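For reference, the structure discussed in these notes is given below.
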Amino acid sequence: MSTTVVRLAAAGDAPGSGVFSVAAATTSAPALALDGICLSFGGIRALRDISFDVAPGEIRAIIGPNGAGKSSLVNVISGLYRADAGTVQIAGQAFARMPASRLAKIGVARTFQNLALFPGLTAAQNIASGLAFRRRSGLLAQVLGLSAARSESAREDEEVREIAAFLGIGGVLDRLVSTLPYGVQKQVDLARALVAEPNLLMLDEPMAGLTVTEKAEMAAHIRAVRDRTGLAIILIEHDIGVVMELSDRIAVLDHGVKIADGTPVEIRRDPEVIRAYLGAEAA
Amino acid sequence: MSLSADVPVAPPRVNLRALGLLALLAVAVLVVPVIASPYVIEAILLPFLALSLAGLGLNLLTGYGGQVSLGSAAFMAVGAFAAYNFQLRLGVSLPLAIVLAAATAAAIGVVFGLPSLRLRGFYLAVSTLAAQFFVQWALTKFSWFSNDSASGVVAAPRLTVASLDLDAPQGRYLFALTLVVGITFLVHRIVGSRAGVNLIAVRDDETAAKVIGVPVLRTKLVAFAISSAIIGVAGVIWAYAYLRTVEPAGFNLDRSFQVLFIIIIGGLATIRGAFLGAALIVVFPLLLARTSSFAFEGLVDAGVLKLVERVVLGLVIILFLIAEPNGLSAILGRATARLRAVLRRG
């Protein structure tokens, strides 16, 4: 498996130093390629023959009105839904059905539209859960406090602190996540996805419910993450301003069909998109 | 307040807690066996210890892991009968028999935990009823398990560890206490470990846990295994130390519900909750009996009293579910916090 190991450095480091350079392992193949994905629920065709790809280091937005199939698409890529037809190709491996339980190992992480944090755990424990997939020490080693287990935990704690500092939530790590404000919980959700150092990150409405200030902060984080680690990002978002500003390319879905695909400038001008989604005032 | 300058607040609090537990343990080991009458040990302490341990086992699965089970008594029965048969047929020593009984209960726990991979909530609870009915049926139907005893009731072997005779009430109490303390420490380690964090993650959001790479399947099955093993040991204590007979009758659905009520009243997903809940469940009927014989001087007969006990217990559970879903543990937590604040002020 070709995992790009690009560590997020502490927040204080200047961009441009060697730590942030993108590892070259996956720059050739697309980070994600969808080919002819179809999905239906009973009689409703949620996705019809969707194909698109995401290049490494690219921020790729998927937009569309409610019910267009955006979240369904992310759920297909996450392995939560099984596509009726088509393949998902990630880092050169093709899947008819993505194995949800091995997603993290394949290098894919995601956040959730309606926060799917673990309210009974602290922020730090929530974030550390993002590392569970690669944990090697078993229950017995942990219970007996063997040195391998202890050093693994210490390493994880260090990574959790690093990512938390990067996202500016270092001060709330020991708080129960359910006691944190919504905007901070969104950051914890992002941290939990990022700590696994994925090659592909799927953000399902990261701005939903945030204030204007929090949105700006979240957008800055998303861009900073991409710039520093070179991961590919799929961004599902309703705030069209944010999407236009952040994304490199945008795919537009309407009723399960991809009606447009291109750069923000192209999308803004596309008559189909204006009709279906942007509305007259954006034209 | 003047003290806070030279006494840092956070570290001593942790030590205080450990010291308190140590003091409690010292009293339990050194003082209780000396001053407690055989009646107190046999009627209160032994069932309290056995049910606390069963509650602890169930709390790991249900409180921490979110997997509701109504099969606790079945696993108690498996533990008790397994220990009895290992001793009877393989002639192993009691400690080894307990380990093997725990392993047997764990294996059967995993089998009946398999539906949890597909079912959640009420549906899972109903499927664990299968364990309850199947185990009780098997133990009654096949007299091999009770060594072909005509009544199905067999006397538990004498409690001896190495050459130590523990058959007296004090001995049985110390035997039970040792097991409970040891296993409680293990559970404390488990819930504090990363595996314990995984367990809570699976409880709080199974889909998210799966997608971010928490091994959901393994976490659930391991939870069933460990929980059943602990409940199995609780069954050994119940049969060997408390009842001194091994019989299927006591391990019925009522017992399963009792263990579930213990953790609901005591506090889900807490260690002390199991102990607090078990204390209430054990002591409450005795208190009620004493009160009624004192107040009504024998006018209320035992049958009516049993009924009143059930009604009141039912009301207590409803009250807890509405007023304090976090159970006695939360009440104790608030009380100690208030006490601490008062002490600091004074």
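Here's the yes/no breakdown for (1) in a helix (DSSP H, G or I); (2) crowded, with 19+ Cβ neighbours inside 10 Å; (3) basic (Lys, Arg):
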| site | (1), (2), (3) |
| --- | --- |
| A:198 | no, yes, no |
| A:201 | no, yes, no |
| A:218 | yes, yes, no |
| A:227 | yes, no, no |
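Go through the residues of segment B:150-162 one by one and say whether even a single one is part of a loop (DSSP other than H, G, I, E, B) and β-branched (Val, Ile, Thr).
Going residue by residue through segment B:150-162, those that are part of a loop (DSSP other than H, G, I, E, B) are B:150-153, B:156-159, B:162.
Applying the additional criterion that residues be β-branched (Val, Ile, Thr) yields B:153.
Taking every residue of segment B:150-162 in turn, at least one turns out to be part of a loop (DSSP other than H, G, I, E, B) and β-branched (Val, Ile, Thr).
Within segment B:226-235, identify whether any single residue is part of a helix (DSSP H, G or I), touching a Gly at 6+ places or on another chain (Cβ under 9 Å), facing another protein chain (nearest Cβ under 10 Å) and closer than 17 Å to residue B:75 by Cα, and answer yes or no. Can you show your working first?
Quick first cut of segment B:226-235, residues part of a helix (DSSP H, G or I) only: B:226-235.
Filter again for touching a Gly at 6+ places or on another chain (Cβ under 9 Å), leaving B:226-235.
Checking the rest, the ones that are also facing another protein chain (nearest Cβ under 10 Å) come to B:226.
Those left that are additionally closer than 17 Å to residue B:75 by Cα: B:226.
Within segment B:226-235 (the criterion being part of a helix (DSSP H, G or I), touching a Gly at 6+ places or on another chain (Cβ under 9 Å), facing another protein chain (nearest Cβ under 10 Å) and closer than 17 Å to residue B:75 by Cα), the answer is yes, since at least one residue qualifies.
Consider only pairs whose beta carbons are under 8 Å apart and that are at least six residues apart or on different chains; among these, list those whose first residue lies in segment B:128-145 and is free of Cβ contacts under 8 Å to residues at least 12 places away in the same chain and whose second residue is buried (at least 18 other Cβ atoms within 10 Å of the Cβ) and among the aromatic types (Phe, Trp, Tyr).
Note: pairs meeting the criteria are B:138/B:145.
Can you find, within segment B:88-141, the residue that is nearest to the chain's Cα centre (by Cα) among those that are of a type in the set (Gly, Ala, Ser) and not in a helix (DSSP H, G or I)?
The initial filter retains those residues of segment B:88-141 that are of a type in the set (Gly, Ala, Ser), namely B:91, B:93, B:97, B:101-103, B:105-107, B:109, B:113, B:116, B:121, B:125, B:127, B:130-131, B:138.
Add one more test, that the residue is not in a helix (DSSP H, G or I), and what stays is B:91, B:93.
Details: B:91: 28, B:93: 24 Å.
Checking each candidate, the answer is B:93.
Given B:268, B:299, which one is modelled with pLDDT of 90 or more, over 30 Å from residue B:143 (Cβ atoms) and assigned to a loop (DSSP other than H, G, I, E, B)?
The conditions single out B:268.
Which of the residues belonging to segment A:250-283 are outside any strand (DSSP E or B), open to solvent by less than 40 Å² (accessible area, probe 1.4 Å) and modelled with pLDDT of 90 or more?
Of everything in segment A:250-283, those that are outside any strand (DSSP E or B), open to solvent by less than 40 Å² (accessible area, probe 1.4 Å) and modelled with pLDDT of 90 or more turn out to be A:256, A:264, A:267.
Does segment B:288-305 contain at least one residue that is open to solvent by less than 50 Å² (accessible area, probe 1.4 Å) and within 27 Å of residue B:129 (Cβ to Cβ)? It would help to see each step written out before you state the result.
To start, the set of residues in segment B:288-305 that are open to solvent by less than 50 Å² (accessible area, probe 1.4 Å) comprises B:288-289, B:292, B:300, B:303, B:305.
Filter once more, so that each one left must be within 27 Å of residue B:129 (Cβ to Cβ): none.
No, segment B:288-305 contains no residue that is open to solvent by less than 50 Å² (accessible area, probe 1.4 Å) and within 27 Å of residue B:129 (Cβ to Cβ).
Answer with yes or no whether residue B:185 is of a type in the set (Phe, Trp, Tyr) and either at pLDDT below 95 or more than 22 Å from residue A:146 (Cβ to Cβ) (or both).
Working: of a type in the set (Phe, Trp, Tyr): yes; either at pLDDT below 95 or more than 22 Å from residue A:146 (Cβ to Cβ) (or both): no.
So residue B:185 does not fit the description; no.
Using beta carbons and a limit of 7 Å, which pairs, at least six apart or on different chains, have the first residue in segment B:16-43 and within 26 Å of residue B:339 (Cβ to Cβ) and the second one part of a helix (DSSP H, G or I)?
B:25/B:181; B:28/B:177; B:29/B:177
Per-residue answers, yes or no, for (1) under 20 Å from residue B:243 (Cα atoms); (2) surrounded by 11 or more Cβ atoms within 10 Å (Cβ to Cβ); (3) modelled with pLDDT of 90 or more:
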site	(1), (2), (3)
B:14	no, no, no
B:17	no, yes, no
B:20	no, yes, no
B:23	no, no, yes
B:27	no, yes, yes
B:31	no, no, yes
B:46	yes, yes, yes
B:54	yes, yes, yes
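Taking the criterion of being without any contact (Cβ under 8 Å) to a residue 24 or more places away in the chain, over 24 Å from residue B:211 (Cα atoms) and either open to solvent by less than 30 Å² (accessible area, probe 1.4 Å) or at the interface with chain B (Cβ under 10 Å from one of its Cβ atoms) (or both), would at least one residue in segment A:144-156 satisfy it?
yes
Of the conditions (1) more than 17 Å from residue B:251 (Cα to Cα); (2) touching a Pro at 6+ places or on another chain (Cβ under 9 Å), residue B:77 satisfies every one except a single condition; which number is it?
Against the list (1) more than 17 Å from residue B:251 (Cα to Cα); (2) touching a Pro at 6+ places or on another chain (Cβ under 9 Å), residue B:77 comes up short only on (1).
Please specify each residue of segment A:69-79 satisfying the condition of being touching a helix residue (DSSP H, G or I) at 6+ places or on another chain (Cβ under 8 Å) and either touching a residue at least 40 places away in the same chain (Cβ under 8 Å) or under 19 Å from residue A:270 (Cα atoms) (or both). Give the derivation first.
Going residue by residue through segment A:69-79, those that are touching a helix residue (DSSP H, G or I) at 6+ places or on another chain (Cβ under 8 Å) are A:78-79.
Selection gives A:78 alone.
Would you please list the contacts, defined by Cβ atoms under 7 Å and residues six or more apart or on different chains, that run from a residue in segment B:66-80 that is farther than 16 Å from residue B:234 by Cα to a residue that is of a type in the set (D, E, K, R)?
B:66/B:203; B:67/B:220
Please verify whether residue A:128 is within 8 Å of chain B (Cβ to nearest Cβ) and part of a helix (DSSP H, G or I), treating the condition exactly as stated. Give the derivation first.
Working: within 8 Å of chain B (Cβ to nearest Cβ): yes; part of a helix (DSSP H, G or I): yes.
For residue A:128, the condition - within 8 Å of chain B (Cβ to nearest Cβ) and part of a helix (DSSP H, G or I) - is met.
Search segment B:151-185 for residues being within 14 Å of chain A (Cβ to nearest Cβ) and surrounded by 15 or more Cβ atoms within 10 Å (Cβ to Cβ), and hand back the single one that is farthest from residue B:84 (Cα to Cα). Working first, answer last.
Residues of segment B:151-185 that are within 14 Å of chain A (Cβ to nearest Cβ), as a first pass: B:182-185.
Those left that are additionally surrounded by 15 or more Cβ atoms within 10 Å (Cβ to Cβ): B:183-184.
Details: B:183: 20, B:184: 23 Å.
This residue is B:184.
The rows are residues; the columns are (1) away from chain B (no Cβ under 14 Å); (2) touching an Asp or Glu at 6+ places or on another chain (Cβ under 7 Å); (3) polar (S, T, N, Q).
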position: A:50; (1), (2), (3): yes, no, no
position: A:80; (1), (2), (3): no, no, no
position: A:96; (1), (2), (3): yes, no, no
position: A:105; (1), (2), (3): no, no, no
position: A:115; (1), (2), (3): no, yes, no
position: A:118; (1), (2), (3): no, yes, no
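Return yes when residue B:218 is within 14 Å of another protein chain (Cβ to nearest Cβ), surrounded by fewer than 20 Cβ atoms within 10 Å (Cβ to Cβ), within 30 Å of residue B:66 (Cα to Cα) and not small (Gly, Ala, Ser) and no when it is not. Reasoning before the result, please.
Values: within 14 Å of another protein chain (Cβ to nearest Cβ): yes; surrounded by fewer than 20 Cβ atoms within 10 Å (Cβ to Cβ): yes; within 30 Å of residue B:66 (Cα to Cα): yes; not small (Gly, Ala, Ser): yes.
Yes.
Conditions (1) assigned to a strand (DSSP E or B); (2) open to solvent by less than 30 Å² (accessible area, probe 1.4 Å); (3) more than 30 Å from residue B:203 (Cα to Cα); (4) out of contact with any Lys or Arg (no Cβ under 6 Å at 6 or more places or on another chain), marked per residue:
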{"site": "A:50", "(1), (2), (3), (4)": "yes, yes, yes, no"}
{"site": "A:83", "(1), (2), (3), (4)": "no, yes, no, yes"}
{"site": "A:94", "(1), (2), (3), (4)": "yes, no, yes, yes"}
{"site": "A:114", "(1), (2), (3), (4)": "no, no, no, yes"}
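Does residue B:50 meet the test of being in the same structural domain as residue B:149 (by TED's automatic domain parsing), closer than 26 Å to residue B:325 by Cα and not polar (S, T, N, Q)? First the steps, then the outcome.
Details: in the same structural domain as residue B:149 (by TED's automatic domain parsing): yes; closer than 26 Å to residue B:325 by Cα: yes; not polar (S, T, N, Q): yes.
When the stated conditions are applied, residue B:50 passes them.
Please state which one of A:180, A:140 is more than 19 Å from the chain's Cα centre (by Cα), under 15 Å from residue B:197 (Cα atoms) and more than 9 Å from chain B (Cβ to nearest Cβ).
Details: A:180 fails: under 15 Å from residue B:197 (Cα atoms).
Going through A:180, A:140 in turn, the sole match is A:140.
Scanning for something within 27 Å of residue B:185 (Cα to Cα) and touching a strand residue (DSSP E or B) at 6+ places or on another chain (Cβ under 9 Å), does segment A:164-174 turn up at least one residue?
The initial filter retains those residues of segment A:164-174 that are within 27 Å of residue B:185 (Cα to Cα), namely A:173-174.
Now drop any that are not touching a strand residue (DSSP E or B) at 6+ places or on another chain (Cβ under 9 Å), which leaves A:173-174.
Yes, the conditions are met somewhere in segment A:164-174.
The values are calculated or read from the model by the stated rules, or taken from the named source; none is laboratory data. Note that the coordinates shown come from a computational prediction; the quantities given were computed from them, not determined experimentally. Every residue, glycine as well, gets a Cβ built from its backbone with ideal geometry; the counts of neighbours run over all protein chains shown. Quick note on the areas: whole protein, heavy atoms, side chains included, nothing else; ligands and nucleic acids left out. Shrake-Rupley method; radii C 1.70, N 1.55, O 1.52, S 1.80 Å.
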